[in-house]
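The structure under discussion appears below in the form of structure tokens.
The values are calculated or read from the model by the stated rules, or taken from the named source; none is laboratory data. For clarity, every value in this text was computed on a predicted model and none was experimentally measured. So basically every Cβ, Gly included, is an ideal-geometry build from the backbone, and we count neighbours across all protein chains shown. Calculation scope for accessible area: heavy atoms of the full protein, side chains included, ligands and nucleic acids excluded. Shrake-Rupley method; radii C 1.70, N 1.55, O 1.52, S 1.80 Å.
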Amino acid sequence: MSTAHVLLGLLAGGPRHGYDLKRAHDESLPRAKPLAFGQVYATLGRLERDGYVTESGQDRDGGPDRTSYELTDDGRRHLDTWLSAVEPPAPYVTSEIFSKVVVALHAADAERARDYLVAQRAAHMSRMRELTTAKSTPAASIGDVIAADYAIGHLEADLRWLQTTLTRVAGLSKEVTN
Amino acid sequence: MSALLSGTNVVRNYGATPALRGVDLAVDEGEIVAVTGPSGCGKSTLLHCLAGILRPDAGTVTYRDQNIGLWSEAARSRLRRTDFGVLFQFGQLVPELTAVENVALPLLLAGSGRREARSVAAEWLDRLGVAELAEQRPGAMSGGQQQRCATARALVTQPRVLFADEPTGALDVLTGEQVLGEIVRVARELGTAVVLVTHAASVAAYADREIVLRDGVLDPTGLGLGVAR
Ligand SMILES: Nc1ncnc2c1ncn2[C@@H]1O[C@H](COP(=O)(O)OP(=O)(O)OP(=O)(O)O)[C@@H](O)[C@H]1O
Ligand SMILES: [Mg+2]
């Protein structure tokens, strides 16, 4: 799970300082573990070192920690690449999938989230088809079959979520355009 | 090469309710195509139109280069007896008949003699793993056993196309998988094309490709997602 990408996504809406980022992170990913302040600053430090964010100012009355950060062009490109990259359909629930949709809705729009969902769904379906073919061959051992079952069950759960989210997000983009 | 079965701009309404609003679909010889999409999106209506059970209000349904939408009810029901097989979620076996009589029925309707029909039907029950149920009536069988008999009945005439609407929707996961496995195995052996309507991704995964319907039209987000065999 990549906190760095989530922070970049939150900064896509405009400059924020560390405390603000922590709060926004915990609010937008309520199922994720709350972010420790130390982790926020460590991550911002790395992002700054890599040239993805830069300091944009100091909030005087807030004390020493009130430095705000903004996204650089490189940071925006980096976020963009991550938002488009399809995750390898893994045989377990990847919260990366979930985070990506949340961040896409934050940093871009419903259209962007939809494009990602469509591509991810295709990758999942195609993996599911491979596993189904593999376990249906007469040569498949009981071990092969139950391993495939395990992966299929988890992919199916992901797919149900992808499908439902696709429908919800389609509803969102309709609201926006209407 | 033209497709074995195709729908072009198929439109179908129920009174004022539009169920299909212009759907295109082509199925090749021996191909297994899953039709998925949310409840009420028009999957069953599409299957009924393609199988010649319903006539489209507009658009064409073409089987072996013939526009079957123009055919009479009698001609379409003859086609369904000879070239098509249908399999629904449940309730298609005649309750008063035994398994072997149920499976023999399509052969009798197609003009086979009684003895011949019974012996072919018995072979088909064996092929689907339910030979021992030959003299049972549907009421005495489990859901999975009934679907195996219904599959035998749908395939006994060796149709070119099998239309299956949620064939395992009422079964538990494992039984559903076994029945589906049998359907797919036998269809592949016969070279029968299958139009498989389902809600479940795990069922659609048995198909060569998938089309997704939404509100009576193909969902473009579901297009091109299918991967060839
Ligand atoms: N006999 C009928 N009379 C009136 N409306 C109908 C009839 N059959 C279907 N409809 C309507 O047509 C639309 C498409 O229905 P259809 O049964 O094809 O959907 P479906 O995708 O098969 O749904 P499900 O997944 O629930 O089986 C729905 O709005 C439904 O209410
Ligand atoms: Mg239906």
**Asked** Between chains A and B, what is the buried accessible area in Å², counting both sides, with a 1.4 Å probe and ligands, DNA and RNA left out, to the nearest 100?
**Response** 1300
**Complete:** By the Cα gyration tensor axes a ≥ b ≥ c (a/c under 1.5 gives rounded; else a/b larger than b/c gives prolate, otherwise oblate), the shape of region A:3-84 is oblate
**Asked** Once whole DSSP H runs in chain A are found, which of them have Cα atoms spread over 20 Å or more along the helix axis and a mean Kyte-Doolittle score of at least -0.5?
**Response** A:142-177
**Asked** Carbon and sulfur atoms: what percent of the 1.4 Å accessible area of region B:1-122 do they account for?
**Response** 53
**Request:** Collect residues whose amide H, placed 1.01 Å from N in the peptide plane, falls under 5 Å from the amide H of residue B:58; neighbours closer than 5 in sequence don't count.
**Result:** B:11
**Request:** Take chain B, connect every pair of alpha-carbon atoms lying under 10 Å apart with a spring to form a Gaussian network, then pick out the residue of B:15, B:169, B:37 with the largest mean-square fluctuation.
**Result:** B:15
**Request:** Could you tally up the Lys pairs in the protein assembly as shown with alpha carbons closer than 27 Å? Skip any pair fewer than 8 positions apart unless they're on separate chains.
**Result:** 5
**Prompt:** By the gyration tensor of its Cα atoms, with a ≥ b ≥ c the square roots of the eigenvalues, what is the shape of region B:36-121: rounded for a/c under 1.5, prolate for a/b over b/c, or oblate?
**Reply:** oblate
**Fill in**
Once both label points are put 7 Å beyond Cα along the C-beta direction, the residue B:92-residue B:114 separation in nm becomes 2.6
**Request:** Can you tell me the alpha carbon radius of gyration of chain B divided by the globular rule-of-thumb value 2.2 N^0.38 Å?
**Result:** 0.99
**Fill in**
In a Gaussian network model of chain B with springs linking alpha carbons closer than 10 Å, the residue among B:74, B:16, B:193 that fluctuates most is B:16
**Prompt:** In region A:96-170, carbon and sulfur make up what percent of the accessible area (probe 1.4 Å)?
**Reply:** 60
**Item:** Dmax and Rg, reported as Rg then Dmax, of chain A (C-alpha, Å)
**Value:** 19.5, 72
**Request:** Per DSSP H run of at least 4 residues, take -39500 (n - 2.57); add these up for chain B, divide by its residues and hand me the 222 nm value, nearest 500 deg cm²/dmol.
**Result:** -10500 deg cm²/dmol
**Item:** Zone residues, region B:40-61, relative to residue B:9, backbone N less than 15 Å from point 7 Å out along Cα-to-Cβ
**Value:** B:56-61
**Prompt:** Over the protein assembly as shown, what per residue volume does the convex hull of the Cα atoms give, in whole Å³?
**Reply:** 180
**Message:** How far apart, in nanometres, would the label points at residue B:39 and residue A:54 be if each is projected 7 angstrom from Cα along the Cα-to-Cβ direction?
**Reply:** 5.5
**Request:** Rank B:47, B:87, B:174 by mean-square fluctuation in a GNM of chain B with C-alpha springs under 10 angstrom and give only the top-ranked residue.
**Result:** B:174
**Message:** Is the C-alpha gyration tensor of region A:96-170 telling us rounded, prolate or oblate? Criteria: a/c under 1.5 is rounded; beyond that, a/b larger than b/c is prolate, otherwise oblate.
**Reply:** prolate
